[in-house]
Amino acid sequence: MNADVFAASQELKGGGVVVLPTETVYGLAANALDAEAVKKIFAIKGRPLNDPLILHVLDISWLERYTHVEKFLPRIEKITETFWPGPITIILPKKEIIPDIVTAGFSTVAVRCPDHPTFRAVLKASNLPLAAPSANPFGYVSPTRIGQVKATLGDKVKIMLDGGECSVGLESTILDITCPTPRILRPGAITADAISKVLEEDVVDYDVQIVSQNPNAPGQLKQHYCTNTRLVLFEHGHREFSQYFAKKKAIVFMQRPNNPDEIAKKLQLPAEDIFWLSYDGNLDVVARNLFSTLQYLDSAQYDTILCERPPREGIGIAIDDRLLRAAAKFNG
Ligand code: TXA
Ligand code: MG
């Protein structure tokens with residue numbers, strides 16, 4: 001076994017907290033069966049105790065240890081066979097063994113099977129279910145590279161494993177399969193359409209308006225993923241930015257403009273203040289670059305970040321959700 005994986009699993013077994021890569025974002029992990037260890041996650045993130053955590057498991061066989069699967073087996077089998085390991089979290093009734101602190105007192109628990117070799121190696125070595133929120137201070141942009149974690153939590157966690165850049169870049173889709181009609185609580189790379197095809201039944205898609213008022217989606221806060229720098233969104237095709245009085249603004253497009261220099265000139269901005277999240281508009285690439293770009297721009301000397309909204313289709317729904325929540329703080 002790799003020495004880092006061994007050290008991380010020893011730390012977890014001893015009630016410690018470690019930073020681990022997943023395919024979505026970096027996570028801050030602790031033994032989910034140890035309430036004292038889980039408490040440390042909340043303290044390090046500054047996260048309120050009413051915001052429940054996701055339980056990470058190695059495979060489907062672990063589900064039965066921690067959740068009541070009986071009533072939902074057909075749905076569970078279809079989802080896990082198609083999408084696990086991968087970026088989808090399912091909500092199930094929890095068993096007694098899961099401490100209340102993990103689920104914020106709810107009778108359900110969110111379970112996910114991550115698809116990153118390092119995270120999986122630690123699950124295997126420790127043989128523990130791991131509670132792991134994103135490894136960011138509560139409310140801030142989620143990290144997709146180890147450097148971002150070090151910049152914000154570096155002095156608080158001893159063991160941080162570098163797994164490279166997260167391939168998805170947005171948190172997992174959260175699906176409640178305990179409702180009469182399965183419901184998306186948080187949009188992610190795996191879309192309602194894809195899930196509906198696999199389940200062969202309707203899926204209630206995510207609606208930012210409804211979810212922010214829905215008590216079944218604890219922690220789905222209106223404001224989240226926020227930069228410190230003012231973030232303002234604009235629709236595709238918008239080219240008039242003079243109304244944003246800012247000494248130094250960055251403009252972020254989803255796709256490389258045909259002629260960035262011309263755009264810069266038109267907007268009366270230096271060309272280096274124009275950014276794009278993909279060359280060709282591929283939304284998977286946009287998702288992968290979103291959080292790291294926002295965090296980079298937040299640490300650069302801008303007083304306003306103007307960001308284009310993506311088309312609301314496929315993973316664009318999840319990208320737009322993160323942007324809307326991030327900008328909500330600045331909407332007065
Ligand atoms: O991709 C991911 O899911 C990442 C990586 C690290 O696995 N984790 C992550 O965790 O995004 P976190 O804590 O940042 O977000 C977990 C979300 C919260 O919004 C929480 O409200 C929701 O999951 N959640 C947890 N348990 C729930 C439950 N029983 N019912 C409804 N929502 C729940
Ligand atoms: Mg988070």
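Just so you know, all these numbers are worked out from the coordinates, no wet-lab data involved. Worth saying up front: this structure is predicted, and the values here are computed from it rather than measured. Here Cβ is always computed from backbone atoms with ideal geometry, including for glycine, and neighbour counts include all displayed protein chains.
Whose amide H sits under 5 Å from the amide H of residue 233, counting only residues 5 or more places off or on another chain, with H placed in the peptide plane?
When sequence neighbours closer than 5 places are left aside, the close amide H contacts are 307.
What is the local net charge at residue 118, summed over the other residues whose Cβ is closer than 10 Å to its Cβ (Lys, Arg +1; Asp, Glu -1)? Could the numbers behind the result be given before it?
Numbers: positive: 120; negative: 4, 162.
Once all neighbours under 10 Å are counted, the net charge is -1.
Under the rule a/c < 1.5 gives rounded, and otherwise a/b versus b/c splits prolate from oblate, where does region 3-199 land using the Cα gyration tensor?
Prolate, because a/c is 1.5 or more and a/b exceeds b/c.
Sequence gap at least 6, Cα distance under 8 Å: using those rules, report the relative contact order of the chain to the nearest whole percent. It would help to have the intermediate numbers written out before the result.
Working: 678 pairs, mean separation 63.7, N = 332.
Value for the chain: 19 percent.
Considering the chain as a Gaussian network with a 10 Å cut-off on Cα pairs, which listed residue, 155, 193, 320, attains the greatest mean-square fluctuation?
Result for the chain, Cα springs under 10 Å: 155 fluctuates most.
I need to check one value: relative contact order of region 230-328, counting alpha carbon pairs closer than 8 Å and at least 6 residues apart, in percent.
This gives 42 percent for region 230-328.
Give me the base-10 log of I(q)/I(0) for region 87-232 at each q in 0.13, 0.19, 0.20, 0.22 Å⁻¹, Debye formula, one uniform scatterer per Cα, rounded to two decimals.
Scattering profile of region 87-232, log10 relative to I(0): -0.70, -1.44, -1.52, -1.60.
Run the Debye formula on the Cα coordinates of region 230-328, all scatterers equal and no solvent, and tell me log10 I(q)/I(0) at q = 0.19, 0.24 1/Å.
With one equal scatterer per Cα and no solvent, log10 I(q)/I(0) is -0.91, -1.48.
Label point 7 Å out from residue 246 along Cα-to-Cβ: which residues of region 296-317 have amide N under 18 Å?
Residues 296-310 fall inside that zone.
Say R0 is 45 Å: what FRET efficiency, to the nearest 0.05, do residue 282 and residue 138 get from their beta-carbon distance?
0.90
Using only the alpha-carbon atoms, how far is helix 316-328 inclined from the longest principal axis of the chain? Give it as 0 to 90 degrees, nearest 10.
Once rounded, the angle reads 70 degrees.
Ignoring everything except DSSP H segments at least 4 long, calculate the 222 nm mean residue ellipticity for the chain; use -39,500 (n - 2.57) per segment, divide by total residues, nearest 500.
Per the formula, -9000 deg cm²/dmol.
Using a 7 Å offset from the Cα along the Cα-to-Cβ direction at both residue 35 and residue 179, what is the distance between the two label points in nm, to one decimal?
So the two model labels end up 3.1 nm from each other.
For residue 51 and residue 202, compute 0.36 nm times the residue count separating them, minus their Cα-Cα distance, and round to one decimal in nm. Walk me through the numbers on the way to the answer.
Numbers: separation 151, 0.36 × 151 = 54.36 nm, distance 2.77 nm.
This chain segment gains 51.6 nm when fully extended.
Could you state the angle between the C-alpha long axis of helix 73-83 and the longest principal axis of the C-alpha atoms of the chain, as a value from 0 to 90 degrees rounded to the nearest 10?
Long axis of 73-83 versus the principal axis of the chain: about 50 degrees.
Taking every pair of distinct Cα atoms and averaging 1/r, then inverting, what Kirkwood hydrodynamic radius in Å comes out for the chain? List each step's numbers first, then the result.
Details: mean 1/r = 0.0489 Å⁻¹.
Radius from the Kirkwood sum: 20.4 Å.
For residue 124, which lysines qualify as cross-link partners when the Cα separation must be under 29 Å and same-chain residues fewer than eight apart are set aside?
List returned: 13, 39, 40, 45, 71, 78, 94, 95, 150, 156, 158.
May I ask you to derive the FRET efficiency for residue 124 and residue 239 from their Cβ-Cβ distance with R0 = 45 Å, giving the value to the nearest 0.05? List each step's numbers first, then the result.
Numbers: r = 52 Å, r/R0 = 1.15.
It comes out at approximately 0.30.
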